[in-house]
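Student: After the structure tokens below, expect a handful of questions from me.
FYI, it's all coordinate maths here, none of it is from the lab. No experiment lies behind these values; they were computed from the predicted model shown. Methodologically, a virtual Cβ is constructed for each residue, glycine included, from the backbone with ideal geometry; neighbour enumeration extends over all protein chains shown.
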Amino acid sequence: EVQLVESGGGLVQPGGSLRLSCKVSGFSLSTYWMNWVRQAPGKGLEWVANINQDGSQKYYVDSVKGRFTISRDNAKKSLYLQMNGLRADDTALYYCARGWIAPATGPPLHSWGQGTLVTVSS
Amino acid sequence: DIQMTQSPSTLSASVGDRVTITCRASQSINSWLAWYQQKPGKAPKVLIYKASSLESGVPSRFSGGGSGTEFTLTISSLQPDDFATYYCQRYNNNWSFGQGTKVEIK
């Protein structure tokens, strides 16, 4: 069974940093692109970032460029999101989601975790 | 940046109704569009990708159509399990979602 379990969320002050983790099981992480998607409380979905299998390609939504860094450790079956310079509008539930094997082969966001909540507030 | 606009924002319907949700892109995205269903407190679930391809395991009452700038998600006969919020997502460049359509019980 495919499982993705996020962790690392919490309350952080504006300007602070947080590192989210996503531990996967039930599939080979090294085979897939991986993604982070967020959802502010009561709001819609926003794709945040994705990374290819070996970490050589990374893409970000404009609002987090220069502040967030996506990375992965296939041996540890884990995906990460390093978030620096956090702002109040980064407050959201952060989901990790398994992507495709190659671009445009299948759905872009296939399997999702249950999310970890990040709250940015003083 | 390409904007995605869903309509309606809320839809009231009854079990057995045929329901159609529209998603419009401000520029052509060819067929690079997916649809997701999200229930309260749960992660989204993919229904459709590449505008009209049904994800494995998704009931055949769900169908997607369109290309270019206008897309539809149709539920042929609404079931109790289908009351949820639906999102479209473009994935050509700089991925983004529509604002969502909540399907509620009439």
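Student: In the neighborhood of B:Ala51, defined by Cβ-to-Cβ distances under 14 Å, what is the net charge if each Lys or Arg adds +1 and each Asp or Glu adds -1?
Tutor: Every neighbour counted, the sum reads +1.
Student: Counting Lys and Arg as +1 and Asp and Glu as -1, what is the net charge of the other residues whose Cβ lies under 15 Å from the Cβ of A:Ala75?
Tutor: Neighbourhood net charge equals +2.
Student: Taking amide H positions as placed 1.01 Å from N in the peptide plane, with prolines and chain starts having none, which residues 5 or more places from A:Gly16, or on another chain, fall under 5 Å of its amide H?
Tutor: Those lying under 5 Å, H to H, from A:Gly16 are A:Leu86.
Student: Please list the non-local residues whose amide H lies under 5 Å from the amide H of B:Lys50, H modeled 1.01 Å from N, same-chain partners needing a gap of 5 or more.
Tutor: Amide H neighbours of B:Lys50, under 5 Å, 5+ apart: B:Leu33.
Student: How big is chain A along each principal axis, measuring the range of its Cα positions in Å and listing the largest first?
Tutor: 41, 28, 27
Student: What is the mean number of Cβ atoms from other protein chains located within 10 Å of the Cβ atom of each residue in peptide A:101-113, rounded to a whole number?
Tutor: Per residue, the number of nearby Cβ atoms from other chains is 5 on average.
Student: Mind giving me the FRET efficiency for B:Ser56 and B:Asn30? R0 is 22 Å, r the Cβ-Cβ distance, nearest 0.05 is fine.
Tutor: Calculated transfer efficiency: 0.45.
Student: Find out how many positive minus negative residues lie around B:Arg61, taking Lys and Arg as positive, Asp and Glu as negative, among other residues whose Cβ is under 10 Å from that of B:Arg61.
Tutor: Neighbourhood net charge equals 0.
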